[in-house]
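Working notes for the structure below.
The values are calculated or read from the model by the stated rules, or taken from the named source; none is laboratory data. Given the structure is predicted, the values throughout are model-derived calculations rather than measurements. Heads up, the Cβs are rebuilt from the backbone with ideal geometry, glycines too, and the neighbour counts pull from every protein chain shown. Quick note on the areas: whole protein, heavy atoms, side chains included, nothing else; ligands and nucleic acids left out. Shrake-Rupley method; radii C 1.70, N 1.55, O 1.52, S 1.80 Å.
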Amino acid sequence: MRRLPGCALALPAIAAFLVVGTSSAGAQDVEWRSYGSDAAGTKYSPLDQINAETIGDLEIVWRQSVLPDAVRQGSDLTPPVASQNTPLMADGRLYISTALGTVAALDATSGEVLWFDTPPDRDGEPFQRVRQTRGVAYWDDPQSDDARVLAVVGEYLVALDAATGERYPDFGDGGEVDLRLGFDRPVETFR
């Protein structure tokens, strides 16, 4: 029986389909680096290992909540009943928007949380749960090892190092840009 990693995100079939390349010998190396697979939004993958003959052999080998225990950090927060999230896959990692509206990177073969972004305290107030977002963006520079994950976290656009999850200090103010700035009148928050 073929074992295929999967995850308990809004699109588990796509996530499982994407990581097939890391789970078997001679597998195809295909990633899903954009919401629609590629910059053109084709929503197509050339993977051919799942077809009418093999679909019955698939089995889930891991699941991960959109609010992983590592991100929850012992709190009693519960994940939302419904979550719309398209995980991105690049370099053996799945990048997700968590149920807290933050970003986490998962190992594509095991579902283990590799890192997650914790927004900084604001004026001494601890991070508050924000409305979940629908996803993240991935960017990399082909001439260097620079790869970034971009996301809207609450009222802020953040840029994270794709390998470590650290915010880029030279992006905006300490790795974030306040999206409310520059408006003539107060803007409702995303909370």
Could you order 54, 102, 42 so the one with the most accessible surface comes first? Probe is 1.4 Å.
-> 42, 54, 102
Heavy atoms only, probe 1.4 angstrom, no DNA, RNA or ligands counted: give me 146, 140 ranked by accessible area, highest first.
-> 140, 146
Which ³J(HN,Hα) values in Hz, rounded to whole numbers, follow from the phi angles of the range 62-71 under the Karplus curve 6.51 cos²θ - 1.76 cosθ + 1.60, where θ = phi - 60° and Gly and Pro get x?
-> 7, 9, 9, 6, 6, 10, x, 3, 4, 6
Environment charge of residue 36, counting only residues whose C-beta is closer than 14 Å and scoring Lys/Arg +1, Asp/Glu -1 = +1
